Structure formats: structure tokens, C-alpha cells
Amino acid sequence: MAASAARGAMALRTNIGRPVAFVRKIPWTAASGELREHFAQFGHVRKCTVPFDKETGFHKGMGWIHFSSEEELHNALQQENHIIDGVKLHVQPQKPKALQGDQTSDEEKDF
Amino acid sequence: MAALLRPARWLLRAAAAPYLPLSLRLLAGGPGRPHAALCLRAARARPVAGGLLSQARLHSIAAEKKNYLQEEPTSSHRRNASQFDWALMRLDNSVRRTGRIPKTLLQKVFDNTCHSGSAGGNQALLLLRSCGSLLPELKLSERTEFAHKIWDELQKLGTVYDVSHYNALLKVYLQNDHKFSPTDFLAKMEKGNIQPNRVTYQRLIAAYCNMGDIEGASTILGFMKTKDLPVTEAVFSALVTGHARSGDMENAENILTVMKEAGIEPGPDTYLALLNAYAEKGDIDHVKQTLEKVEKSDLYLMDRDLLQIILSFSKAGYPQYVPEILEKITYERRYIPDTMNLILLLVTEKLEDTALQILLACPISRESSQNDFGSFFLRHCVTMNTPAEKLKDYCKKLKEAQLHTSPLQFTLQCALVAQKLDLAKVLMKALKEEGFPIRTHYFWPLLVGHQKEKNVQGIVEVLKGMHEIGVTPDQETYVNYVFPCFDSIKSVRAVLQENGCPHDDNVFSQAELRSKAVNGNLDYILSFLESNTLPFSFSSLRGSLILGFRRSMNINLWSKITELLYKDGRYCQEPPGPTEAVGYFLYNLIDSMSDSEVQAKEEHLRQYFHQLKEMNVKIPENIYRGIRNLLDSYHVPELIKDVNILVEREKTDSRKPSSSDLESKLEKLKAENQPIGDILKQLILMLCSEENMQKALELKAKYESDMVVGGYAALINLCCRHDNAEDALNLKREFDRLDSSAVLDTGKYVRLVKVLGKHGKLQDAINILKEMKEKDVLVKDATVLSFFHILNGAALRGETETVKQLHEAIVTLGLAKPSTTLSSPLVTLYLEKDDLPAALESTIDCYEKYKILPRIHDVLCKLIEKGETELIQKAMDFVSQEQGEMTMLYDLFFAFLQTGNYKEAKKIIETPGIRARPTRLQWFCDRCIANNQVETLEKLVEMTQKLFECDRDQLYYSLLKLYTKKQNIVFDNETYARLINLLLMKDNSTQAMQVKDFAETHIKGFTLNDAANSLLIITQVRRDYLKDALTTLKTALDLDQIPSRLAVTRLIQACALKGDTESIHDIQKLVNGLEDSIGLSRMVFINNIALAQIKNNNIDVAIESIENMLTSENQTVDPQYFGLAYLFRKVIEGQLEPALEKISIMAERLANQFAVYKPVTDLFLQLVDSGKVDDARALLQRCGAIAEQMPILLVFCIRNSQRPGKAPVMKSLLELIPELIDKEEAYTCLMKSYVFDNDVTSAKALYESLTAKNVKLNDLFLKRYAVLLKNAGESVPFTEPPESFEFYAKQLKESKETHL
């Protein structure tokens, strides 16, 4: 039980203090490459995931863009329209799910 | 539900016609002459073959049977009823939204019905009725087949059919143009002992007529005559069709005369039958003539009737006349769904060109490029195998007509979903020609299909197709979609070569590498990396390599691979270079593991780090810090020092003095005989942070006399980290000698206990625990958790004595209370050794000592797995006896669920008398979530469906949490809607939106209900997604939903604050006609439009329009109710001074010139309310009539007296308008306000001025005042009325009523 509690905490920890944009309504024609290309204009995209459903071969219309800094994320969120393949994306910040005491953001910031 | 049950709206037309007298007059008639009778007009249900019968007409018959649920008085009544509701809701939703039912949905409802084991009569009726024109996407013959399948299957389940079922089947036959023998049908009914009724005969006549068999129809009419059954318009209409189809148009037309003679005026149905008859003959002239005739009469044809004529023309091979009929369409509100269904039907009938013609004529707004129209058509064309070239042409036309922005892409998507490779290739080529890129992932859906069937040839075909289009498969394509289809990668290579499938060897090899890595084949990885000639980036392999490492615990291979990647120029050439790359890799490796995994593999990891050290692999310091934090949070700080040795020292900050600098400084001071305490401590701390234990210990030995408490503390901790129990203990003793009252911090004590325990120094460990107690060291939750980890670690190592003694000490000393967590290692000890009797014994022992049952669930699961019946019995007896039967049942239920014994679990949870225990259910849900047990949780949700008092929402919420965590589970419409609603209520809109997106991707035409949409609007407004909120409102209204007043008002207000006049106007148009249903006052719009205009600096426009409304001849709102308080308040709050000034002028003008006093009074009151008393006074002086607006003023008083904090406002108002005090309502409110805010002074003043005026005060007033005084500790100058508030309130109310 304690182990699973700690595991839960680990899952929560992953996104804290990391500038991530959550993107919805991605057209089926675009994949992570296209997203990465589009969002590169706002800053350095550390990681870009658009999970594909192995059952259908299509993705689920959503993805996550990990930027290097809050500022870059902010730049991306500032822009009103994000259009890929003629389709308007919905972009919003990925909210940190919880805060954990013993981790400080400055220690994680470098990578 | 309503759409299926309620007689459809257009039935009103029939109902509106005067009912004809129920006399029965038979007409004499020869063959071909109908027997007619007058009758009550029935619903316009007309049997037109293959017809485009509206669904509501079809299902309206359901309304004939109102005694739906009473009809099954069996014990399964309730279940059947709810099942029926559910099925009905699913189908009804679809029908209401689209006028059709997708085949998959009907199939699903049918399957569910079969699965449930029984179907009531109504459910059967519903399913049968769905098999006709509601399935435009299915060929006519397939629909009938479906109906027959349902008929047979349900009969097998024991459904009893009555005449309504036979009639429904007949109707399906008629709608599907199914050829059958009416006499055989009658025989079948007879065999089933079912008496045909009027409807049966009527439909049989229609069946004969559809075949052009007048003689047959006449026979049936004869039957009806002998049975004295009335002949309806429907029969006449059928006869029109019958004559026409027998080639006798003259007699077809004559029917209308016969009808009139019989006293029945031909209605729209009859005319439509005639029109269809002409259309089938391609006789456009007669069609036009008849249409004109109808137009001139008081009858009228609806769009769907015209669509029917179009269908008749098209099916008969006269598409050239379609445009002429299309022109006559008036575009009623429901036109689009009907048209869509016609289009689908035409495509099914292979008349797709006509379908396109109708599609292009649809009145769709072409401006908003957002909404594509025609997707349903393209999708269905793909399903029906419309030739590729035709589809390409359709796409072009749709795009030219600006109906669809990306028809080719959409069609391609459909082709991919349907796994149609050839069509997909044509479409991709077309896209390519238009300059669109063709991406690798376009081929994945095609590969998925073959992968499921392990169809190698299919895979090869797709790969060849890729080559043809000019797309090279990438690593992901191979790893995820190609390799899984083959037994080995070797065979993939062979098959590709055999079939001449070109592939990039480099990509292929790397894909192979990734695939091997994921499977933990580290030998292969190493030899590949060694022999590989093409450089690639380490990071591309990182994810797969981590998975591989975790699968194969061969540390030597781990190190060798890491070393190679670190040192070899082929892999870490790119910046930021090998140190970063490997550091990041290590971080990710540990991050990907769970805490228990790291704990279990602690030794392996240590070995790995040391091997890396020997190989001279280094990592940057910042990454080391990240790893350190990770290890700390995993409760394995002992590994920190082992990672520390990898830190790249050369690059550490050169501005900081190094340890050797400090050391030489220390020696210098010592030589000079200066005090060295400070610098010694500094040096020790630095060595500790560098994890240099040996050096630090040497230094301590050398300068022992200069050591301080802080230095010892750091050293003790360092030794603990390095697992050096001996030195740690010695240091602790020296520390005590130095200062016996000194206290370490909690973490260091805990680490000492851990190290000492681990090294068998049990008594020393217990002494440390004792010291903690004596020195009253702070024990936090985290400390207790650390205790657990110490005990658990020992339990996993099988150290029975350590676990028992330390646990005993912790509990007896009172450092922590025994709990299921803390005490669980006592049981874990034996579970790990598979000693189940001892494990159970230990659990029971804990209960006897501490009244807790640690790990009972795990013990039970193991007992069940091993089939230890006797021990299970023992455990259950114990639990039952100690904690009651209910607890025992839950324990057993969870254990069965967990071990996959669902049948047994189900039996338990269905035990009579068992009821929901929310905390226990939640515990199990959380467990499933933590361990990603989707199936188990789903089973729990399923099995608890009938559990008494079970909070379904909470269970669904848990399911949702797990589902969002896993991100790959698909629910049905209902579950999604429920979850979204729940999330919105829990105010978790981000997650709600995520789920909605999932739902929309997975369920065609996913919708939310009224309440959820309203909540969604409110949430979107709150989060400032106004455009989304507006879209939601539109969607809801399109579905004929009534959104809540609050939702609409919030949206309007938010738009106003943004100055978005346009959106408010849009909303006004959208809700036009629904204002009363929503409960929306016109004033909401007037206030907010004005506010929006003001926000846009259009103050004059706003003022002018308000003035016009109040002064024009035809006022829409009575000036007395023209409340602008909201507008005024917002203007005052927003400090919009120029606007306020102009509004003030307007209000005064309205008062002075038009005697409209409501605005000026409202303004005055708002000024008072916002504390602008001087402005209010000035206004009052300019416009004295305000003081005479008693009703408005009193309403203001009453409203304010119901809110706290309004006493100052009320006081100001009374000062401004002293004559208010003469009104009973007013002074009552004043007192109420003063009491609310405990304003004794004002209350006193009020009381005195009232008594001075000799006002007779009522008891309620006196009671209030008395209580206020008493609470303030003051004496009451009169006898306090003795009864309660309620008593006097009631008394007052009654006395007022008698006065009236």
C-alpha cells in the first residue's frame, strides 16, 4: 500500500514545473513531426508526443509538447490560432496535477 | 426518449383535421373498385416501398401502446424495464439527432439484448421497427435479413410475439421492398395463433399493391368487409399505388374520386402516392400538374414528401427531373437530416451521382470554413465501394462548392479506416498531385488490419504501396506495425527480399535494434553496436534501451553497452556530448522504474554504477542532483553515493574552493595555532557532499579534538549512506560524549536505525529508537513511512528477528501507532517465503494485539490461488467473528475479483442483504488505479450495478481516473456522458474536455445531455473559453435541448464584459422562441447589449437604443419592469465615468420628459448601493419623483434585507428618503438588516423614532429587536414576545391574508 502510494507520487511528479502544452484536435493527417515543426517557432521543443492507438493505427487527436522553458510555452499559448493542415488546434497548458514538497523546480530545470 | 414515444410533430397535421364520423358505409364495387369506409383518421403512416419513411412516423406507433411496462408482470420486470429504457435511449438518441440508426448501434443494442438473456415484447418491437427505413446505410435485402435475424433470435430467447410484432415486421417488409406472399404471412400468423387486425390487413393490401396485384388487394379488402373493419385513407393511397403499378394510371387517378364519394377527402398521403406513381413512370408533366393542384388546395406537402418524389424519379431511372423537384424544396428546419438520409439511401442504391446532386443543392452556409459538409456522403461512398475515380471527382466538386475544406483527406481517412488499399492509393496520388505531403503514418491503419490477422501478404502489399507512392517506412512503421506480424525479424527481411519490397537497410537495422532492445535482447544490442558502421544518435535508442535494460538484469551487458555508447564516436557525436547523453539516460532509467523496483534492484544498480566508474564514464553534476532527488524520493538514499562517484568533477564550479584548498588552509591555521573548528566543519561537510567517506574519517581522526557537533552529524549521515554501520555507531558514541544533550535531526536517526538493523546490530538500533523517544524527536508522517520502509526492507530480506523486534520497539515506545501499513512487514515476511499458514497466523496475531488485519487481502488472494480451502475457511471464520459477516464478504469479494475468479466474486456481491460500503469500495478502486488493473476495475463497476446504496458516480469516477491514466480505453456514449458530467460537477474541466475529445474521436455523433451541456457552458465561461461556450450552446440547441438559465445568462454576461455585442446578438437569435422555456428575461439582453456597447465606447448607441425602447409606441417591455440595475451596477463598478454621466442624463430625461421613473430610480438605488451617497443625493435633488417610487424602493429594501452586510446601505437610503420609515415593509426590512449586521445603534435609533411616532410595532419586529439587544448584553425596554420567530412570522402572514 505504501509502495503504491509512493508510485502514485512518482506519477504526479513527472510534470511538475515542466513547461508542457497539451494539444487537442490534431487532424489525423498530422503526427508528432508536424507538431514539432509547428511549435518550433515558439522555442526549443524538448519532446513532442502524439500517441498512436496500436489497435487502429490512428492517433487520438491529442498530444503533448514539452518546451525548454516557461517562456517558450507562454509564447505558444499567446498565439491565438495554431493551424496545422488547415485545422485549428486547441492548445492549453498542461496543469501540474499536484505539488510535491521535497522536489524543487530549480533542481530539475536543467534537463 | 421522447422522440421515439411521442407522436411526431407532423402528426399534428393529421390530428388537426376534423375527425370524421365513425359511421360505416360500405360501397358496392366490382374488381378494382375499392371497398371504402369512413373511419377515424389514423396517423400518416404510409406504406411506400423502400420508402423514405420518417422514423418518427415509424415509431409513433409505439405510442399506440401506452401500457408499455405494465405488460410484463414477471419477476424480471424491473430489469427488463431498465434494459428497455436503456436500449430505447440509445436508439432514440440516434434517431432524434439524425433520423437514422447506424447499423453498428442497432447491432450493439441487439447483442446486448441477446446477452441479457431475455427481451420484453416492447424491446422486441423496438428492434424490429428499427430495421426499415431507419437504416438508409444498409441495402434493402440486408435490412430484411437483419429483421429476420432479430425475429428468430428473440423468439429463441422466449419473447412472445403479438399482433403488433407481426405488423411491425410487415411494415419493415414494405419499407424494404421485400417480396413475400401475404397469404403465407397470414398463415404464419394463424399458426402462431395471432388474430390479424385492421393494421395487418391494411399493410397486406399495401404489400399486394406494391406488387401491382389489385386482385390480391381486393381479396384482403373483402376480409376487412366481412369483419366490419373501417377502410382508411392509407388503404386508398395503397390502391393508388396498386393501380399505377399494374399499369392502370387511369384507375389510379380514379381512386381520388372514389374516396371523395366515400366521404374521405384525399389527403397529402394520397396525393403523394399519386405523385410517386407518376414519378415512377417518369411523367414530369403530371407530377408538376399534381403539385400545382396540391399547392392550390389547403393541403401542403412537406420537404420530406418532395424528397420521396425525388427518390421515386431516381430509382425509376429519371434523374434528369431531380433538379425541378429540388427547386420546390422550402428547406424546413428538419430538412437536413432527411436529406442526408435520402443521400445515404441513394448511395446504397448505387445512385451516387444523384445523391451528389442533392448534396450540392443543400442550403449550407459556405462562409464558415470550420464546418465541413458532406463527410457522411463520402464515408458512405467509401463503404459502398463507389469507384475511386468517381470519388475523386466528388471531392473536387465538394471543394469547388466550398462545402468541404478537405474532402480528399477525409475520404482517404475513410478508406484507411475501411482498410481499402487500392482506393487509398488512388486518393494519396490525387493528394500528392495537389501538392499535399503523403506521410508515413497514413499507412499504419492499413498495416494494423493485416497485423491482427498475421497476414504477411497483406503487409507486403501495403509496403509495396508505400513504395509506389514514394514513402519510405520508418523505424516506427517496422517496430510497431510490421515486425509483430512475423515470427522473427529475420523472416521479415527474407519475406521483403522475396517479394521485392525495397527497404532502407539502415532504417531497417535500427528498427530491428529497437525491437530487440524492447524485448531485452541485450547481447544483440551489444554486438550490433560494435559492428555497426552507420553512426546514429544515442537518444533515438534511449526509450527502447531503457525498456530492454529493465527486462534483462545482466549488469555486465548494461555497462558494456553504456560504455560503448559513451565512448564511441558513432553514437554521441552530436552536442551536448556523451556526458550529458549518458547522464540523461541514467536519469531516465531510474525515473522509469518504480520505487519498489529500484529498492529490489539496489544491488544491481550499485554494481552498474561502479562498473561505469571503472570504465571512466562521467555524468554532469546537475543531472546527478536530479538522480539524487529521485533516489531520495524512492527511499534508497544509499545509492546516492554510488551515483556521486560518476560526477564529472573537472567541470564543477571553479569559483568555489576545492576540498584540497580548504585542507591546506586548515593545515596552515593549525600550524599557526589558530582555532580550526569552523574550517574543519566546512571541510568535513564538503567531503560529505563529495561522498568521500574515507578522507572525511581520516580527517576526523586527525583533528578529533577540534570536531564539533555539526561535523559529527554530517559524518554519521555519510557513514549511513555508505552502509558503514561500524563507524556510524562509533561516531554516534563520540557525538554523545561531546554533548549528551545534542539531538540529531529525525532523518539521521532513522538512517541510523536502518543501517544498524541491516547489519544485525539490533540492540543498538533499538537504543537509537529509545533515544528518539527520550529526546522527544519530532516524528512526522514521513518518519512513519521511513519506519515502514526499514521494516519492509528487512522483511523482503527475510530477517524475521529484525522485523519483529524493531516493530515491537517502535510500537511499544509509542513512536508510531500500529497500522495496516506499518505492521504489514510482519506478514510480508511469510508471504515472501510462501509460508501461508504463518502469514495468516501473523495477520490474526496482529488483530489480537492491535485490532488491525494487515495484508489480509493479499493473504486471501494467495490462499485462493493455492486453493487452500481450510485456511480460507479459517480466515473467514475469524474475520466474520471479529469484524462481522459483511466485512468478511467484502474481503472475499475483493480477493476473488483480484484473482480473476469473477463468477465467485459475483455470487458474493449478490448475497442478499449486502449493501455498499463506500470506503471499502474506494480502497479497492484506488488499488486498481495504482496497479493499472483496468479489467478488474471494470468488473467491479459491472458487478456492483445492483448493489444497494452504491454510489455509481464515485465508481465511474474511479474508472475514469484509471482510464485517463491509461489513455486507451473506449467507453460507450452513455458512460462518457456520465463521466464528463461528473468531472464538470467536480469542476475539473480540463479533464472533462480531454474525455470529451476521446469520446468524440471514438463515438460518431457523441452528444451530451442538457444538464451536462449547461455545466459545460458555465465552466467554459469561467475559464474564459467564450467561443467554445457559444459552440456548446449552439450544439445543445441544435439537439433541441433547453440549456439552463444560469448557463445562458453567464455566457451573455461574459460576452458583455468583453464588449462582444455580436455574440450576444447571436445568442439572442439562437434562443429566439425559447426564452420562456429557459426562463430568460428580455432585460438580460437589453442590459448586456448596452453594457457591451458601452465597453466598446459606443455609449451613445447604447443610450439611444434604450431610450427608443422606452419611448417608442410599441414597447416590448412594460417600463415598470424595465430594470436596468444590472447595467448601472456594472457601469458603476467598472468606474466608467463618461458612461455613467450620460446614463444619468438619460435617466433624468426619461423621468422629466416622459414620466418614466423606473430607470432613474434604479440608478439612484445603485448609487446608494455602491456607497456613492453624495451622487445619489444630488440625483434625488434633481429628480424628486424618485422618492415617490415606493414599489421600486420597497422591492430594493426587501432584497437587501435578505443579504448580510447591507445595514449601511439601508441606513443611507433611510437618510436620503426619510419618509420610507412610514412604510411597514421598509422599517421591517431595516430592522432585519440591522439585526443581520448586529448594528445595535442603528436599531435603537430606528426603534426610538418609530415609538416617537407611536407606530404600532408587530411582534415579529419586537422579537427581532429584543434578541438583538439581548445578544448585545443590553436590557430590553419591553416584554420580549415569548414565542419563536416562526410563530410570529406565521402569525403576521395570516393576519395579512385576512386583511386582504
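Of note:
- Any hit, segment A:71-86, residues being modelled with pLDDT under 90, over 13 Å from the mean Cα position of the chain (by Cα), facing chain B (nearest Cβ under 9 Å) and surrounded by 13 or more Cβ atoms within 10 Å (Cβ to Cβ): no
- Contacts under 7 angstrom Cβ, first residue in segment B:635-664 being within 18 Å of B:Ala714 (Cα to Cα), partner at pLDDT 85 or above and part of a loop (DSSP other than H, G, I, E, B), 6 or more apart: B:Glu638/B:Asp723; B:Lys641/B:His722
- Selection status of B:Gln674, surrounded by fewer than 16 Cβ atoms within 10 Å (Cβ to Cβ), away from every other protein chain (no Cβ under 14 Å) and more than 15 Å from B:Leu589 (Cα to Cα): yes
- Here B:Arg733, B:Arg751 are screened, and the one residue that is part of a helix (DSSP H, G or I), charged (D, E, K, R) and closer than 19 Å to B:Asn792 by Cα is B:Arg751.
- Test result for B:Ile929, touching a residue at least 12 places away in the same chain (Cβ under 8 Å), in contact with a Ser or Thr (Cβ under 8 Å, 6 or more places away or on another chain) and either surrounded by fewer than 17 Cβ atoms within 10 Å (Cβ to Cβ) or within 14 Å of another protein chain (Cβ to nearest Cβ) (or both): yes
- Residue check, B:Ala765 within 27 Å of B:Val598 (Cα to Cα), under 53 Å from the mean Cα position of the chain (by Cα), surrounded by 14 or more Cβ atoms within 10 Å (Cβ to Cβ) and more than 14 Å from chain A (Cβ to nearest Cβ): yes
- Checked against (1) at pLDDT 90 or above; (2) in contact with a strand residue (DSSP E or B) (Cβ under 8 Å, 6 or more places away or on another chain); (3) at the interface with chain B (Cβ under 7 Å from one of its Cβ atoms), A:Gly57 meets all criteria but (2).
- Wholly enclosed helices (runs of 4 or more DSSP H) of segment B:374-491 bearing at least 3 residues more than 30 Å from the chain's Cα centre (by Cα): B:388-400, B:421-433, B:444-453, B:456-469
- Within segment B:561-600, considering residues that are within 11 Å of chain A (Cβ to nearest Cβ) and outside any helix (DSSP H, G or I), the one nearest to B:Gly543 (Cα to Cα): B:Met593
- Scanning segment A:44-54 for residues that are facing chain B (nearest Cβ under 7 Å) and surrounded by fewer than 17 Cβ atoms within 10 Å (Cβ to Cβ) yields a total of 2.
- Out of B:Tyr442, B:Tyr394, one residue alone is closer than 21 Å to B:Val507 by Cα, of a type outside the set (A, V, I, L, M) and crowded, with 20+ Cβ neighbours inside 10 Å. It is B:Tyr442.
- Here B:Asn622 clears all of (1) closer than 20 Å to B:Glu648 by Cα; (2) more than 11 Å from every other protein chain (Cβ to nearest Cβ) except the condition numbered (2).
- Looking only at residues of segment B:1076-1087 that are more than 14 Å from B:Thr1116 (Cα to Cα) and touching a helix residue (DSSP H, G or I) at 6+ places or on another chain (Cβ under 9 Å), we find that the one that is modelled with the highest pLDDT is B:Asn1087.
- Any hit, segment B:886-901, residues being modelled with pLDDT under 90 and either of a type in the set (D, E, K, R) or over 28 Å from B:Leu840 (Cα atoms) (or both): no
- Given (1) of a type in the set (Asp, Glu); (2) surrounded by 14 or more Cβ atoms within 10 Å (Cβ to Cβ); (3) over 19 Å from B:Lys946 (Cα atoms), number of the condition B:Glu870 does not satisfy: (2)
- When segment A:23-37 is filtered for residues that are over 13 Å from the mean Cα position of the chain (by Cα) and hydroxyl-bearing (Ser, Thr, Tyr), only A:Thr29 remains.
- One residue from B:Leu778, B:Leu791 being outside any helix (DSSP H, G or I) and within 46 Å of the chain's Cα centre (by Cα): B:Leu778
- Scan of segment A:16-36 for residues that are assigned to a helix (DSSP H, G or I) and either of a type in the set (Gly, Ala, Ser) or within 11 Å of chain B (Cβ to nearest Cβ) (or both), ordered by number: A:Ser32, A:Gly33, A:Glu34
- Test: residue in segment A:4-15 that is within 12 Å of another protein chain (Cβ to nearest Cβ), buried (at least 20 other Cβ atoms within 10 Å of the Cβ) and at pLDDT 90 or above: no
- Top-ranked residue in segment A:93-104 [being within 11 Å of chain B (Cβ to nearest Cβ) and surrounded by fewer than 16 Cβ atoms within 10 Å (Cβ to Cβ); ranked as modelled with the highest pLDDT]: A:Pro93
- Helices (runs of 4 or more DSSP H) (entirely within segment B:947-1064) containing at least 3 residues that are away from chain A (no Cβ under 14 Å) and either at pLDDT 85 or above or farther than 29 Å from B:Arg915 by Cα (or both): B:1010-1022, B:1026-1038, B:1045-1057
- All positions within segment B:1238-1261 that are under 55 Å from the mean Cα position of the chain (by Cα) and surrounded by 15 or more Cβ atoms within 10 Å (Cβ to Cβ): B:Asp1239, B:Val1240, B:Ser1242, B:Ala1243, B:Leu1260, B:Phe1261
- Residue in segment B:795-817 that is nearest to B:Glu774 (Cα to Cα), counting only those that are within 14 Å of chain A (Cβ to nearest Cβ) and in contact with a Pro (Cβ under 9 Å, 6 or more places away or on another chain): B:Ala795
- Taken together, the residues in segment B:1149-1204 that are assigned to a helix (DSSP H, G or I), polar (S, T, N, Q) and either buried (at least 16 other Cβ atoms within 10 Å of the Cβ) or free of Cβ contacts under 8 Å to residues at least 12 places away in the same chain (or both) amount to 6.
- Checking each residue in segment B:1079-1097 for being surrounded by fewer than 18 Cβ atoms within 10 Å (Cβ to Cβ) and in a helix (DSSP H, G or I) picks out B:Arg1082, B:Met1083.
The values are calculated or read from the model by the stated rules, or taken from the named source; none is laboratory data. Quick caveat: nothing in here was measured; it's all calculated off a predicted structure. In this analysis, Cβ positions are derived from the backbone assuming ideal geometry, glycine residues included, and neighbour counts consider all displayed protein chains.
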